[in-house]
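Okay, so here's the structure we're looking at.
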Amino acid sequence: MTTPMQRVTFVCSGGEDEYCTTFAVFGFRYALIETDVDYKPEDFRAIAVYSDMEARGGFSCSNEKVNQFYKNTLWSMKGNYLDVPTDCPTRERLDRRDLPAALPLL
């Protein structure tokens, strides 16, 4: 099973521009910017959108790589929760078997 590629093409006006979706939430890891204009990465901003979930526990250990893995796992979970668990390729492949475990958290 493959996931279709999402693509947003935004053509700038030549002045200061802003792109913000309406009625759509999607994730991305990288953005490709094609331009002849000089820019800095800090000229751009992305907004994380997810449900406000109360932490009921935590984890830390002496291994910083394991701690970072835990933090990455939390970000991954937040990315799939916007009021309800959303579909993603992993959940589709697993036939949403994680839903019973997630329901008490909602």
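The values are calculated or read from the model by the stated rules, or taken from the named source; none is laboratory data. This one's a predicted model, so the numbers in the text were calculated from it and none came from an experiment. Here the Cβ is made from the backbone with ideal geometry for all residues, glycine too, and neighbour counts use every protein chain on show.
Below is a table of values for the structure above.
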{"item": "Some residue of segment 1-20 being within 15 Å of the chain's Cα centre (by Cα) and touching a residue at least 12 places away in the same chain (Cβ under 8 Å)", "result": "yes"}
{"item": "Pairs with Cβ under 7 Å, 6+ apart, first in segment 49-70 and farther than 30 Å from Phe23 by Cα, second exposed (fewer than 10 other Cβ atoms within 10 Å of the Cβ) and at pLDDT 95 or above", "result": "Asn67/Cys61"}
{"item": "Yes/no for Tyr50 being of a type in the set (Phe, Trp, Tyr), loosely packed, with under 10 Cβ neighbours inside 10 Å, in a loop (DSSP other than H, G, I, E, B) and on the phi < 0 side of the Ramachandran plot", "result": "no"}
{"item": "Considering residues of segment 66-76 that are hydrophobic (A, V, I, L, M, F, W, C) and under 13 Å from the mean Cα position of the chain (by Cα) only, the residue surrounded by the fewest Cβ atoms within 10 Å (Cβ to Cβ)", "result": "Trp75"}
{"item": "In segment 22-46, the residues that are among the β-branched types (Val, Ile, Thr) and either surrounded by 10 or more Cβ atoms within 10 Å (Cβ to Cβ) or over 25 Å from Asp83 (Cα atoms) (or both)", "result": "Val25, Ile33, Thr35, Val37"}
{"item": "Filter result for Asn63 (at pLDDT 85 or above, more than 18 Å from Ala24 (Cβ to Cβ) and surrounded by 12 or more Cβ atoms within 10 Å (Cβ to Cβ))", "result": "no"}
